[in-house]
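See structure below.
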Amino acid sequence: MNARVWLLGVVAACIAMALPGASLAADAKEPNGPPAKAQGPYVVIVGVGEFKDPAIKPRPTADTDAKAFHAMLTDTKFLGVHADRAKLLLSAAATREAIVKAVETAVASTGPDDTIILAFFGRGTSTGDKPCFFTADSTVKDRGKTALQITDLEPAIKKIKGQSLLFMMDVQYKGGIDAGKEKIVEPSWGEVMKVVFGDNEDDNMLPPNRVMILGNAPYQDTLTKGNHGLFYSVISEGLGGKADQASYQEGYESDGIVTVREFIKHLEKELPNGARAIGKTDKEKELEPVIIGRGASKFWVTYNPAETAKVKKRLDTIAALAKDAKLTPDLAKEAVGLLFRMPKLKWSQSLRKEYQKLADGGSVDALQAARKVLLEGLKLPEADAEDFAKKVQPAIFELAAKYIKPLSRGELTAIAIRGLFTEADEPLPADIADALKTPKDLTDAKQKELLIACRVRLGKREDLDGDKGPDVTLRALLMGLNDPYAGYFTKEEWLRTQGQLFGRFPGVGIIIRRDAVRDGLLVVTPIKNSPAMRAGIQAGDLITEIRLEVDKQGKPLPEDATKVHSTKGMKTDDAVNLITGKAETPVTLVIDRDGEKEPKVLRITRNYVMVETVHGVKRDDKNDYTFYIDEANKIGYIHINQFIKVSEDLGTVADIKKAVAGLKKTGLKGLIIDVRNNPGGSLAGVIDICELFVGRESIVTIKERGGAGSSYTYKGKRAGDNSFPIVVLINGNSASASEILAACLQDHGRATIIGERTYGKGSVQHVEPYDDTEGRIKYTVARYYPPLGKNIDKVAAEQDPELKKKDEWGVKPDAGFEVKLTREELTDWLEYVRDLEVIPPPGKKPASVNPAKDKQLQKAIDHLKGLIKDKK
């Protein structure tokens, strides 16, 4: 009997014997057992390395990798997928039509709780800017008709209802084809994401149990290891059992299965390790996978053969005990779930150990005694549950009063409760579900009663201890609004993210990114006047170690806490989490610097850091910016990357005033304001900046929720400066406050708008302190409209037939001033502008804005030159 059959057989036997009414433990534990699948997993593996078109170079590892992966997944040691449910398409058979049909069959042949694995190995390019996958009969010239377009898979994937999906691509996009004189645009992996997940771009709102893994971003080369691609070599090791071993496994030991999270953890570490080992250039050594969807995905993928015999023996023992009526059906079912898959919670892991003892020769009496003690420890005091409700209800009341979409307190309570059980990996109890059927009818007292009951029902568990319970529930509540701009920040998260929203945060003041080649954290630049800059941190330093003495709040760390953290393999987010903390608390960074033999150990006292939001042409010897892009014609250039307002004298508007005043002293004749890639920021800040240039005119109108909310139009309070022409540069990542600025100046004819249509975020959010948890809640309170009243919000336009018909959203460039960048041009521009904010180390020249590398900027300069000439 193969592994797949015996595992499913034991579960079926236990479920068949189960009596009505589940035990407390069965209610409380997360679902870990193998699902009783009626059909089982379905696999489609495509490998195309040989092509009829001589303009497409062969990729020999593609067929080899596909065959090997198919053999692995059909092997009973690893997954044992039945031959009729494991489709292998190699070069000769992998036509566009055959691939689409295979994927359609996979979806049609699976149901809820089944797993679909789609894997592609080969070569590709783009049709337009969308990825395509070359089949054997594809041609470069007619690839739009002959190659597999990623969108060809969309109709089938849209039909997925409840299945788990693991979608993998190892496709070489760079080079490998002769396109003649045709210039081919680099494809966007975002298009693959849209096919796999739908149009939702918010990672927090992706459909659950879907994972997209690309072995390389389109701009990176794939690598070969022996007779196989490096990607296949790593995934076969991980799915073959390595991901279920120490450093990757979930829980205290290997459990015999590789979960998708363990697989991702292994891949994220071992693919870059492999690239560093075999890559010949820095670019090759920087190879990293693209992974989307891990957060909401909890399915398992393969078996770990090293543990199979041990797991089988234990499950056979449980089955025998159940058959002899020595173990009740509900306990047998519970045992299978815990022994098959490592549970998440510590108490469940402790119970798993007791079942292991039973399966290894222990007694049922000993199990039941230990189980009774563990269950007693799960009981949560009523007072703790009441405290939980008291911390959650204020957010419900606030949202009911202020959120842009009218929702009753009862509806919000229902969202919070359902979200809590989802986050806890628990089914919603039937009686609770019944009480939430008509949420508008729930009184405040009943809402509180339900919150208390839910928290009692979930019991004591480490993921809900203390403020974790309210934190989890508040996050679920804000996410449950299905508003991409709403969210909840714990007090720890707020330490890390407040700089992105307000431009001022407690920390050391450095911008970092991973250095894949040296496997450390590269300092892109210290922030001006920050603790890091004063301590001597320089651009180009490599942080190799982070040493902690106290926690984020300044309290001494426990004796058993990790105090020294190597940055090898560390994610940037994890590093930021370690480095940031409360003002006046210490953190030590160990750095390597080029040209110095010994590492530097720098103990830095955190303090408040002010982000630079106003940038100019280049830095002078004091690291301040100069602002003339064309001094001969007196054309100034100001780039705003965010709008902040700390006070009248501190923030973006204060810096803008200072820059403009300096330019006017030397005869300013034209000004370029660049808000490309500016996500927005402070409403008050952008209103003040608009006032500088339009004076007492209307700036923006804010309309609160529905038709019943109030409406207020902001107008300038003092005269504006109209002494020079302005150009505003925009692109698809100019959002919110950037759009307010561009639309205001456009509507009043105060500026020429050049570039590409903006993002289309026409809403206003409040970020409010939440005293009950010391966190913050962020939610939408209004929509805004520019002076002429046109719609800015893209979502609203998609929902309103009239607006959709008129294509009215965002801010469009003025007629004749749209300047689009190709994907390659955008990539080059992003790489070039990345260095403009850097504070260079002593002796190194600063980067400078260069119109020759920026055709949108060059268009703005040429336009202003013409206006200045005409004015003469």
### Query
Just one of F51, F69 is of a type outside the set (A, V, I, L, M), assigned to a helix (DSSP H, G or I), modelled with pLDDT of 95 or more and crowded, with 17+ Cβ neighbours inside 10 Å; which is it?
F69
#### Entry: Given (1) surrounded by fewer than 15 Cβ atoms within 10 Å (Cβ to Cβ); (2) over 15 Å from K101 (Cα atoms); (3) basic (K, R); (4) in contact (Cβ under 8 Å) with a residue 12 or more places away in the chain, index of the condition K181 fails
(4)
### Query
Restricting attention to region 329-361, which residues are of a type in the set (K, R) and part of a helix (DSSP H, G or I)?
K333, K346, R352, K353, K357
### Task
Determine if region 366-386 includes at least one residue that is surrounded by fewer than 16 Cβ atoms within 10 Å (Cβ to Cβ), closer than 26 Å to K778 by Cα and out of contact with any Leu (no Cβ under 7 Å at 6 or more places or on another chain).
yes
#### Entry: region 545-579, residues that are more than 23 Å from G520 (Cα to Cα), in contact (Cβ under 8 Å) with a residue 12 or more places away in the chain and open to solvent by 40 Å² or more (accessible area, probe 1.4 Å)
Q553
### Query
If you check K313, K344, K357, K391, which single one turns out to be within 30 Å of I452 (Cα to Cα), open to solvent by 10 Å² or more (accessible area, probe 1.4 Å) and either of a type in the set (V, I, T) or at pLDDT 95 or above (or both)?
K391
### Message
Against the definition (over 18 Å from D573 (Cα atoms), in a helix (DSSP H, G or I), β-branched (V, I, T) and out of contact with any Phe, Trp or Tyr (no Cβ under 9 Å at 6 or more places or on another chain)), how does V517 come out, yes or no?
### Response
no
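Got at least one residue in region 403-426 being more than 22 Å from D483 (Cα to Cα) and in contact (Cβ under 8 Å) with a residue 24 or more places away in the chain?
yes
Table: residues versus (1) assigned to a strand (DSSP E or B); (2) at pLDDT 95 or above; (3) among the acidic types (D, E); (4) at negative phi.
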{"position": "V81", "(1), (2), (3), (4)": "no, yes, no, yes"}
{"position": "L88", "(1), (2), (3), (4)": "yes, yes, no, yes"}
{"position": "A93", "(1), (2), (3), (4)": "no, no, no, yes"}
{"position": "I99", "(1), (2), (3), (4)": "no, yes, no, yes"}
{"position": "P112", "(1), (2), (3), (4)": "no, no, no, yes"}
{"position": "I117", "(1), (2), (3), (4)": "yes, yes, no, yes"}
{"position": "F120", "(1), (2), (3), (4)": "yes, yes, no, yes"}
{"position": "P131", "(1), (2), (3), (4)": "yes, no, no, yes"}
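Can we say I702 is open to solvent by less than 40 Å² (accessible area, probe 1.4 Å) and over 27 Å from L857 (Cβ atoms)?
Values: open to solvent by less than 40 Å² (accessible area, probe 1.4 Å): yes; over 27 Å from L857 (Cβ atoms): yes.
Answer is yes for this residue.
This table checks each residue for (1) at pLDDT 95 or above; (2) assigned to a loop (DSSP other than H, G, I, E, B).
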{"site": "A156", "(1), (2)": "yes, no"}
{"site": "G162", "(1), (2)": "no, yes"}
{"site": "L165", "(1), (2)": "yes, no"}
{"site": "M169", "(1), (2)": "yes, no"}
{"site": "K181", "(1), (2)": "no, yes"}
{"site": "I184", "(1), (2)": "no, yes"}
{"site": "E191", "(1), (2)": "no, no"}
### Summary
Per the filter on region 665-684, residues touching a Gly at 6+ places or on another chain (Cβ under 8 Å), at pLDDT 95 or above and not in a loop (DSSP other than H, G, I, E, B) are G670, L671, I672
### Query
What number of residues within region 734-760 satisfy the criterion of being within 26 Å of S710 (Cα to Cα) and open to solvent by less than 20 Å² (accessible area, probe 1.4 Å)?
12
### Query
Can you find a residue in region 469-482 that is of a type outside the set (V, I, T), closer than 23 Å to P381 by Cβ and surrounded by fewer than 17 Cβ atoms within 10 Å (Cβ to Cβ)?
no
### Message
For region 552-559, check the following and say yes or no: at least one residue is part of a strand (DSSP E or B) and touching a Ser or Thr at 6+ places or on another chain (Cβ under 7 Å).
### Response
no
### Task
Could you check how many residues of region 493-513 are in contact (Cβ under 8 Å) with a residue 60 or more places away in the chain and in a strand (DSSP E or B)?
7
### Task
Return the pairs, sorted by first residue and then second, in which the second residue is outside any helix (DSSP H, G or I), the first residue lies in region 366-382 and is under 15 Å from W347 (Cα atoms), the beta carbons are less than 8 Å apart, and the residues are 6+ apart or on different chains.
G377/K460; L378/G459; L378/K460; L378/R461; K379/G459; K379/K460; L380/G459; L380/K460
### Residue satisfying condition, being closer than 30 Å to P406 by Cα, of a type outside the set (D, E) and surrounded by 16 or more Cβ atoms within 10 Å (Cβ to Cβ), within set G695, G680, G720
G680
### Considering residues of region 763-813 that are charged (D, E, K, R) and on the phi > 0 side of the Ramachandran plot only, the residue farthest from the chain's Cα centre (by Cα)
D807
### Message
Considering only residues that are under 16 Å from N850 (Cα atoms) and buried (at least 21 other Cβ atoms within 10 Å of the Cβ), which ones fall in region 626-670?
### Response
F627, I629, I635, G636, Y637, I638, H639
### Test: E612 is more than 27 Å from G685 (Cα to Cα) and open to solvent by 10 Å² or more (accessible area, probe 1.4 Å)
no
### Query
Tell me, which helices (runs of 4 or more DSSP H) wholly within region 770-872 include 1 or more residues that are touching a His at 6+ places or on another chain (Cβ under 9 Å) and open to solvent by 30 Å² or more (accessible area, probe 1.4 Å)?
823-834
### Task
Out of the residues in region 597-624 that are among the aliphatic types (A, V, I, L, M) and at pLDDT 95 or above, state the one that is farthest from S530 (Cα to Cα).
V617
#### Entry: Evaluation of V764 against (1) in a strand (DSSP E or B); (2) of a type in the set (V, I, T); (3) modelled with pLDDT of 95 or more (one fails), failing number
(3)
### Task
Return a yes/no flag: does region 140-153 have any residue that is outside any loop (DSSP other than H, G, I, E, B), open to solvent by 10 Å² or more (accessible area, probe 1.4 Å) and closer than 19 Å to L267 by Cα.
no
### Query
Within the bounds of region 289-298, is there any residue that is open to solvent by 60 Å² or more (accessible area, probe 1.4 Å), at pLDDT below 95, touching a helix residue (DSSP H, G or I) at 6+ places or on another chain (Cβ under 8 Å) and of a type in the set (D, E, K, R)?
yes
### Query
What do you reckon, is G755 farther than 23 Å from A684 by Cβ and either within 29 Å of the chain's Cα centre (by Cα) or at pLDDT 95 or above (or both)?
yes
### Query
Do you know which residues across region 580-609 are among the hydroxyl-bearing types (S, T, Y) and exposed (fewer than 15 other Cβ atoms within 10 Å of the Cβ)?
T605
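The values are calculated or read from the model by the stated rules, or taken from the named source; none is laboratory data. These numbers come from a predicted model, not from an experiment. Because the Cβ atoms are built from the backbone with ideal geometry, glycine has one as well, and the counts that use them run over all protein chains shown. When the accessible area is computed, the model is the full protein with side chains, heavy atoms only, and any ligands, DNA or RNA have been set aside. Shrake-Rupley method; radii C 1.70, N 1.55, O 1.52, S 1.80 Å.
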